[in-house]
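A short write-up of the structure that comes next.
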C-alpha cells in the first residue's frame with residue numbers, strides 16, 4: 001500500500017512490473033468472438049502466414065485489455081483504497097504487433113498524482129507493454145486512474 005502523501009516522491013519513478021501474460025491463439029480467438037473483430041490477421045493462421053507478420057497477431061485492443069490485470073500485479077493501491085476507477089487515456093500508441101504465442105508484461109511509471117479532494121486521487125501512469133524478446137514494445141500509453149480513499 002502506498003500512502004497518498006508519498007505519491008509526489010514517486011513521480012517519475014518506475015513503480016512496478018507485472019508478470020508475463022501469454023497471448024495464445026485461443027485468447028486471440030476468444031477476444032475476436034467477444035468483440036466481433038475477426039480480421040484474418042488475428043484468427044486465420046494459414047492466411048496470416050502470407051502477411052508480413054508471418055502468422056496471426058493479437059488485436060491491439062486485446063493487448064490493451066490486459067492492462068487492468070497488469071496493473072493489479074504491478075501498482076500498489078493507495079492506503080485506505082475503497083474504489084479504483086478507469087479514467088481513460090491521454091495518449092496511446094500501438095508500436096509493434098504481438099504474435100500469437102508471445103508473452104507480454106506491463107511496466108508502470110508514475111507521471112503525476114493530483115489530489116482532487118474528497119479522498120479522490122487522479123493518477124497518471126506511463127504504461128509500456130513489452131513483448132518478451134522483442135526490441136520494440138507492443139504499446140505505450142498514458143493511463144489515468146482515479147483512486148478513492150477513505151469513507
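The numbers here are math on the coordinates, done by the rules we state, and not lab data. No experiment lies behind these values; they were computed from the predicted model shown. With ideal geometry, Cβ positions are generated from the backbone for all residues, glycine too; neighbour counts draw on all protein chains shown.
Remarks
- Residues satisfying the stated conditions in segment 1-37, i.e. under 21 Å from residue 138 (Cβ atoms), exposed (fewer than 13 other Cβ atoms within 10 Å of the Cβ) and without any contact (Cβ under 8 Å) to a residue 60 or more places away in the chain: 26, 30, 34
- Those strands (runs of 3 or more DSSP E) of segment 46-151 in which at least 2 residues are within 29 Å of residue 1 (Cβ to Cβ), over 15 Å from the mean Cα position of the chain (by Cα) and touching a residue at least 40 places away in the same chain (Cβ under 8 Å), considering only elements entirely within it, cover 81-94, 102-117, 139-149.
- Tally of residues being surrounded by fewer than 15 Cβ atoms within 10 Å (Cβ to Cβ) and more than 17 Å from residue 15 (Cα to Cα) across segment 109-151: 10
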